[in-house]
Amino acid sequence: MAKTSHKKQIKIKDFLKQSSAQYSKVSDFNKIRYLMTRRDKVILLALLFATFILSILETFAISIIMPFITFASNPDMIFANQISNKIYNFFDFKNTLDFMIAFSGILLVFYVFRAIYNIAYSYCLNRFAFRKYHFFAYRLFCKATELSYLDFTNKNADIIRRNIVTEAMQASHFIQQLLMMGAEVVTIVLMYILLLIISWKMTIVLTIILAVNVFLITQTISKVIQKQGILQAELGEQFLKIITKTLGNFKIIKLKGEQQNVLKAFDEASSRRVGTQITSQTLAPLPKFILETIGFCILIAAVAYILIKYNNAAAVIPIISMYALALYRILPAVNRILQNYNMSRYYKRSLEIIYEDLIYHTEYEDNKPIDFKNKIELKNIEFEYMENKPIIKDFNLTINKGDKIAFVGKSGAGKSTLIDLIIGIYKPKSGVIEIDGVKLDNSNLRSWRKKIGYIPQSVFLFDGNVAENIVLGDKIDKQKIIEVCKKANIWDFLEQNDGINTIVGDGGIKLSGGQKQRIAIARALYSEPEILVLDEATSALDNETESKIMDEIYDVAEGKTLLIIAHRLSTIERCEKIIEVNN
Ligand SMILES: Nc1ncnc2c1ncn2[C@@H]1O[C@H](COP(=O)(O)OP(=O)(O)OP(=O)(O)O)[C@@H](O)[C@H]1O
Ligand SMILES: [Mg+2]
């Protein structure tokens with residue numbers, strides 16, 4: 001077992017490599033552009049502008065404190081400083097106390113405004129990022145429902161689920177990290193301008209040191225973090241698969257007593273997944289410590305050097321304090337950029353995943369009305385699941401309205417496949433299906449499917465009551481539900497319980513196999529279909545119940561078209577045509 005799961009892991013890795021190689025041609029920038037609507041782009045520009053304002057406010061908030069304290073402790077400084085002197089004269093203040101009172105008032109208003117601005121700003125930022133999550137999840141879900149059935153069978157439900165729940169969230173985190181990075185870049189540019197004005201030499205030295213560091217960090221730590229991001233997507237998939245596998249085969253796994261293996265597999269996937277978080281969250285702020293350590297080491301070394309060489313610190317104190325100030329202001333911003341950058345590397349894989357899902361081609365199927373008054377014709381139908389392995393070839397069949405047709409044949413012969421072609425779940429590779437001479441294609445498939453009541457081989461009921469399971473998203477009409485339940489021979493049972501409010505349990509676990517099957521029959525009848533399709537629908541029932549239900553079905557199918565796949569002869573003895581399917 002360990003071997004197979006290991007093999008599977010390798011397969012997943014190969015798949016990941018392939019898929020990322022395939023799409024890496026498209027740059028992150030273009031992916032984001034594809035994932036943004038026009039409105040998003042406008043909001044983004046507005047946010048960038050808001051960020052610019054925010055940086056100015058923040059810079060001002062920090063730099064205004066110094067003069068305030070200076071003036072408070074030494075009012076004469078008001079006249080010594082050019083700007084404050086001008087302001088003093090312009091407003092014609094009577095004394096320095098009045099000036100200081102006005103100054104305090106303005107500062108107070110300014111700080112309140114700054115706080116409100118900050119809150120509003122972070123609301124807008126969060127709103128944008130989380131609305132993006134909603135948008136991604138919604139679009140992924142739409143895309144999943146648009147998949148053709150064949151594509152759906154080739155995908156894994158756990159991956160679809162993971163992408164909608166986790167990857168969409170992380171892709172929105174990716175965008176959030178980029179936004180925050182953008183905000184910091186604006187802040188840094190502003191501070192750089194300030195620093196350049198103060199001392200360009202200092203600025204260049206600082207730039208070189210920072211650039212070298214940033215380069216080294218992005219080349220090492222960021223790459224490790226990005227790998228962790230890829231790994232977490234892969235482990236997230238394994239994690240969900242183990243849960244699905246266990247909960248879906250609960251009884252069998254219990255019987256096998258294999259819980260130990262399952263627990264071990266879960267333990268491994270879960271703890272490794274958490275491990276990627278531990279690594280990435282630990283590494284992400286590492287640049288902060290590296291940069292700070294290097295920055296302050298240089299500061300100390302510079303002080304020591306100057307002390308030794310000039311033996312007089314007083315002369316260089318202004319330069320050193322400027323340098324310290326620069327470190328103090330620019331370093332945190334650079335740190336935050338690196339941290340955002342690193343986290344965005346971690347979430348990058350999620351962006352790729354949802355991009356791949358969203359650009360996946362699905363055909364648009366339309367609702368053009370289609371009439372079925374006379375016949376369904378299958379002409380030269382060919383169908384295959386795998387290239388050059390046709391399941392159905394050169395198949396011709398005419399079904400007249402009102403026909404009761406049985407399909408028989410060995411297991412795996414292709415009966416279900418054939419029925420799925422007729423009901424528009426699969427599309428033929430070649431040949432046509434015509435309804436009263438009108439070709440079945442993407443323009444009318446949806447309205448064709450609506451005419452069909454389908455009762456499958458295995459039924460999936462979701463955790464809810466009988467009524468919800470029967471209407472399956474349609475409007476609840478209690479009377480009609482009771483009526484179809486009676487027709488499906490399940491009403492007697494339901495009456496003894498909660499009627500149409502009887503809870504079926506997850507997957508219908510609280511019902512017997514036959515009861516589930518009868519709910520499925522009621523479900524099919526509820527939409528008043530023109531064509532009833534039974535794919536071994538009654539195979540789970542005992543002879544007596546089955547013949548009762550078949551009586552009912554033949555009754556409700558009066559005047560309707562009935563297509564039945566069954567093994568028991570008694571089920572199909574009333575069919576006018578029997579078609580033997582063998583590949
Ligand atoms: N999604 C799929 N992808 C690939 N092969 C498939 C798929 N579904 C069915 N097949 C293959 O197509 C063949 C026909 O399957 P089908 O379900 O139509 O048989 P059937 O006659 O309904 O059998 P049964 O009586 O056991 O239900 C089988 O060999 C099966 O392995
Ligand atoms: Mg079948």
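The values are calculated or read from the model by the stated rules, or taken from the named source; none is laboratory data. Note that this is a predicted model, so its numbers are computed, not measured. Here the Cβ positions follow ideal geometry from the backbone for every residue, glycine too, while neighbour counts run over all protein chains shown. Note: accessible area is taken over every heavy atom of the protein model, side chains too, but ligands, DNA and RNA are not part of it. Shrake-Rupley method; radii C 1.70, N 1.55, O 1.52, S 1.80 Å.
Restricting attention to the stretch 190-268, the count of lysine pairs at 8 or more positions apart or across chains with alpha carbons under 28 Å apart stands at 14.
Rounded to the nearest 5, what % of DSSP beta bridges with both residues in the stretch 375-580 are antiparallel?
Details: 16 of 33 bridges.
The antiparallel proportion sits near 50 percent.
Reducing the stretch 174-206 and the stretch 60-106 to their Cα centroids gives an inter-centroid distance of 29 Å.
Shape class of the stretch 391-443 from the alpha-carbon gyration tensor: oblate, with a/c at 1.5 or above and b/c at least as large as a/b. Looking at the chain alone, DSSP beta bridges between its own residues are antiparallel in about 50 percent of cases. What a 1.4 Å probe finds exposed on the stretch 22-359 is 70% carbon and sulfur by accessible area, rounded to a whole percent.
Counting other Cβ atoms within 10 Å, keep those with at most 14, restrict to DSSP loop, and tell me which trypsin sites (Lys or Arg not before Pro) in the stretch 32-128 are left. Numbers along the way, then the final one.
On the way: sites: ARG33, ARG38, ARG39, LYS41, LYS86, LYS94, ARG114, ARG127; in loops: LYS94.
Loop-located and lightly packed - LYS94.
Sparse packing (at most 16 other Cβ atoms within 10 Å of the Cβ) combined with a DSSP loop state is found for the following GluC sites (Glu not before Pro) in the stretch 232-288: GLU258. Take the chain and mark each of the chymotrypsin sites (Phe, Trp or Tyr not before Pro) that is in a DSSP loop with at most 11 other Cβ atoms within 10 Å; the longest unmarked stretch, sites excluded, is 92-363. Measuring between their Cα centroids, the stretch 395-447 and the stretch 510-530 lie 22 Å from each other. Of the accessible area of the stretch 375-580, with the probe set at 1.4 angstrom, what percent is carbon plus sulfur? Looking at the stretch 375-580 in its full context, I get 46 percent from C and S.
Given Cβ point charges of +1 (Lys, Arg) and -1 (Asp, Glu) and nothing else, what value in debye, to the nearest 20, does the dipole of the stretch 13-143 about its Cα centre take?
Values: 16 positive and 7 negative charges, 275 e Å.
I would put it at about 1320 debye.
Hydropathy first: keep DSSP H helices in the chain averaging at least 1.6 on Kyte-Doolittle, then drop any whose Cα extent along the axis falls short of 18 Å, and list what survives. The answer, listed by residue number, is 168-198, 286-310.
Tell me, what is the percent relative contact order of the stretch 22-359, built from C-alpha pairs under 8 Å that lie six or more residues apart? Please list the in-between numbers first.
Values: 241 pairs, mean separation 94.9, N = 338.
Answer for the stretch 22-359 is 28 percent.
For the chain, what does -39500 (n - 2.57) per DSSP helix run (n ≥ 4), summed and divided by total residues, give at 222 nm, in deg cm²/dmol to the nearest 500? Value at 222 nm, helices only, nearest 500: -22500 deg cm²/dmol.
Would you mind working out the accessible area per residue for the chain, using a 1.4 Å probe, and quoting it in Å²?
Numbers: 32540 Å² over 583 residues.
Here the per-residue accessible area is 56 Å².
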